[in-house]
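Visitor: Mind looking over this structure? Questions follow.
The values are calculated or read from the model by the stated rules, or taken from the named source; none is laboratory data. From a predicted model like this one, the values you see are computed outputs, not experimental measurements. Virtual Cβ from ideal backbone geometry, glycine too; neighbours counted across all protein chains shown.
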């Protein structure tokens, strides 16, 4: 397919999903910092579990960079237990806090002034932050025009033969970045709609009969 064909197909999918689901209002974080914490905690778990973990952090009045920096690792792990892999995720949160304070004195406003490419490299250098988490932070916390690719994206678009479900993250991402206008709002909504479709219809055992993309042809 030529790039213009990918663009037409991707916009068609977006319009079908938006028409079916409407605006998603994602990411459900009240502050930039809460979005970042959620992006790290949501690795390999359902969002409902992340909400419980963030709720625990909030009740303990620790949902700020300064507070999360000070809390002992073991206490943090206990609070985020509902998110699963809590020891690993506590380390990842602590790794991010070290990065935030060592480079920016704990100021997310200072982080926000970094160019997207430089900031992406910095985030990927933080132990435990991979491409999907990094790009979620860039898009949802800092409003950067970076398309997030997750397991739902690969499953849905591989089933429509745009790329393999085992495609490299950046290969899959490049198709969206090269063909769609770099609009953070649209990237935000598109990713949220993909997640909605993946949860409801395009499961490991898909529900194709009444799927919003039924009848869609990729070429």
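Visitor: Quick check: is even one residue across segment 179-186 buried (at least 18 other Cβ atoms within 10 Å of the Cβ) and assigned by TED's automatic domain parsing to the domain that holds residue 15? Spell out how you get there, then give the answer.
Guide: Initial filter on segment 179-186 (buried (at least 18 other Cβ atoms within 10 Å of the Cβ)): 179-180.
Cutting the leftovers down to assigned by TED's automatic domain parsing to the domain that holds residue 15 gives us 179-180.
Yes, because at least one residue in segment 179-186 is buried (at least 18 other Cβ atoms within 10 Å of the Cβ) and assigned by TED's automatic domain parsing to the domain that holds residue 15.
Visitor: Here is a check on your reading of the model: is residue 94 surrounded by fewer than 17 Cβ atoms within 10 Å (Cβ to Cβ) and farther than 26 Å from residue 145 by Cβ? Spell out the reasoning first.
Guide: Values: surrounded by fewer than 17 Cβ atoms within 10 Å (Cβ to Cβ): no; farther than 26 Å from residue 145 by Cβ: yes.
When the stated conditions are applied, residue 94 does not pass them.
Visitor: Any idea how many residues of segment 26-58 are in a loop (DSSP other than H, G, I, E, B) and in contact (Cβ under 8 Å) with a residue 24 or more places away in the chain?
Guide: Residues meeting the conditions: 8.
Visitor: Need a quick list: helices (runs of 4 or more DSSP H) entirely within segment 62-119 having at least 1 residues that are in the same structural domain as residue 38 (by TED's automatic domain parsing), over 23 Å from residue 51 (Cβ atoms) and in contact with a helix residue (DSSP H, G or I) (Cβ under 8 Å, 6 or more places away or on another chain).
Guide: On the way: elements: 65-70, 73-79, 86-104, 108-112.
Here the list reads 86-104, 108-112.
Visitor: Moving to a separate point now. Tell me which residues, restricted to segment 97-113, are surrounded by 16 or more Cβ atoms within 10 Å (Cβ to Cβ) and closer than 19 Å to residue 130 by Cα.
Guide: 97, 99, 100, 111
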